[in-house]
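Nothing in this text is a laboratory measurement; each read-out follows from the coordinates by a stated rule. From a predicted model like this one, the values you see are computed outputs, not experimental measurements. We place every Cβ from the backbone using ideal geometry, glycine too, and count neighbours over all the protein chains shown.
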């Protein structure tokens, strides 16, 4: 059982007719998913490349999942390209990852020549129907090892050259071992999948489904603007678990949606990717107190998650939710600026060690060397750890608290400030649905951008009542609708570049 | 109608809103744009657009949006 395909096929033998992946239009059973993936794998394998990138340029459909797995069957790894991504950015991604093939669909195929791509372009609809060459796929599998890459995932939103994290079969297997065990995932689960396949969070619900016989029900993105239909869809699909970005959960809370429609089958609400505001979480909990809620935390470089916290006590609006403790079979250390282990309560950078940690960045030895380093606490033997760039500390319960990004940590009037703490304070105010804090280093000023009812003066008073004077922002911008990036998270890059024009 | 067309033009420039009849179906109004549009309409007409009004049918054309606004103004 060294590759994801071994696990997938085991599931298929146990539950051949269970739905594996569905959306509004299609539903693939496990046997159909494997059959189509093998067909795709056969077509790509004919190119005779191994351990090279295969770009999957498709909308989020069951077919997209089959194309991704098909790339793995061919002995290569996949890179999912956002269909909405501008051609220029695709070019940049391609220049880093040098794909040997592109798998796409009719509607998107016209864009491929514009990217300058010279290799083979396959239409999924054509290659997924052909017979598989079992012998060829078998010999490829025999040569594979578990540290071979499964996918390369590019971090979105950053400027300049995109960074592609290379994640192996072994990473995903170790990672999902934890997830499946911690949350008791089995074939009765139906995940309502919100996050795109080019975002690390999707690895969690996709692969934990494929390993257990659960059903991944893809939620069409448009339903997040038509929330009654969203709930109807969850009920139609009998979705009982969701793993969403907090912004998506907040849409539901801010609209007070449960007055109008209620999910009937839900038993588990998980979230990650950004800070979950407690006010909106409390809306969920007060409506559905019996559900399991957990805050998951981690970067793409640790496959998806490294620490987690199952909500087990009450939090006041504006409190920050812990990120908890390390996942099973994952190690975390908190290191201060001197490279020493932090004392309890002391803030430091979170480092992650173990089998969830990716190999590094594709074609980028410099960035890899900066972030994937020798464990500073262990000089005895080589041990690579990943520096997350996240500032954390332990609270009195021995749980980790997220303080902010190292790059968001600012020095203002001599104080070290976490912008996230100001955002928390703003979010706790009545009628505020979203908040983001920026720091203008040149002017040494803090800017609060928020969406919600309070006028600027009231907002200022609200924040003042919750944070020390030196943390009070000097500028307030009330925005009609907070911008979100393609993953559904607050688009901080856009805000930073455009806030002056708002 | 002019006003509605003006607001639509602001949230999403460069679209022929006068004649379009499948703004949602065709993806012209994506989820982000609809949320922006709803914020603008609520502000401009001082109406409360609840989740019950957030259905694709109410946003497929400028006429449908106008009808929604008029219904909520009453």
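Kindly express, to the nearest 10 degrees and within the range 0 to 90, the angle between helix A:278-287's C-alpha long axis and the longest C-alpha principal axis of chain A. Rounded to the nearest ten degrees, it is 70. When shorter helices are ignored and each DSSP H run of at least 4 residues is given -39500 (n - 2.57), the per-residue value for chain A at 222 nm works out to -9000 deg cm²/dmol. With each label modelled as a point 7 angstrom along the Cα→C-beta vector, the residue A:464-residue A:384 pair spans 5.2 nm. Taken residue by residue and averaged, Cβ atoms of other chains lying within 10 Å of the Cβ of B:51-64 number 3. Peptide B:25-33 has a mean shielding of 4, counted as Cβ atoms of other protein chains within 10 Å of each residue's Cβ. The simple Förster model, with R0 at 30 Å and r as the Cβ-Cβ distance, assigns residue A:147 and residue A:411 a FRET efficiency of 0.15. Note on the protein assembly as shown: antiparallel DSSP beta bridges, both residues inside, total approximately 60 percent of the bridges counted. Annotation for the stretch A:106-136 versus the stretch A:376-451: alpha-carbon center distance of 43 Å. Based on C-alpha pairs under 8 angstrom that are at least 6 apart in sequence, the stretch A:39-152 has a relative contact order of 36 percent.
Does a label point 7 Å from the Cα of residue B:5, set along Cα-to-beta-carbon, have any residues of the stretch B:47-67 with amide nitrogen under 13 Å, and which are they? Hits in the stretch B:47-67 for residue B:5 at 13 Å: B:62-63. Taking a ≥ b ≥ c as the square roots of the eigenvalues of the Cα gyration tensor, the protein assembly as shown is classed as oblate, since a/c reaches at least 1.5 and a/b does not exceed b/c. Distance from the C-alpha centroid of the stretch A:235-293 to that of the stretch A:180-204: 15 Å, rounded to the whole angstrom. The spacing between the stretch A:1-76 and the stretch B:59-74, judged by their C-alpha centroids, is 45 Å. A simple packing score, the average count of other Cβ atoms within 10 Å per residue, orders the peptides A:336-347, A:455-466, A:190-201, A:289-300 as A:190-201, A:289-300, A:455-466, A:336-347, with the highest score first.
How would the stretch A:408-501 be classified by its alpha-carbon gyration tensor: rounded, prolate or oblate, with rounded meaning a/c under 1.5 and the a/b versus b/c comparison settling the rest? Oblate.
Note that the stretch A:322-404 carries a Kirkwood radius of 13.4 Å, evaluated over its alpha carbons pair by pair. With a 10 Å cut-off around each Cβ of B:36-43, the average count of Cβ atoms from other chains is 3. Roughly how tilted is helix A:62-73, in degrees to the nearest 10 and between 0 and 90, from the longest Cα axis of chain A? Relative to chain A, helix A:62-73 is tipped by roughly 70 degrees. If you sort the three axes of the alpha carbon gyration tensor as a ≥ b ≥ c, you get a/c of 1.5 or more for the stretch A:142-278 and a/b no higher than b/c, which makes it oblate. Can you give the angle from 0 to 90° between the axis of helix A:87-97 and the longest principal axis of chain A, with both taken from C-alpha atoms, to the nearest 10? It works out to around 70 degrees.
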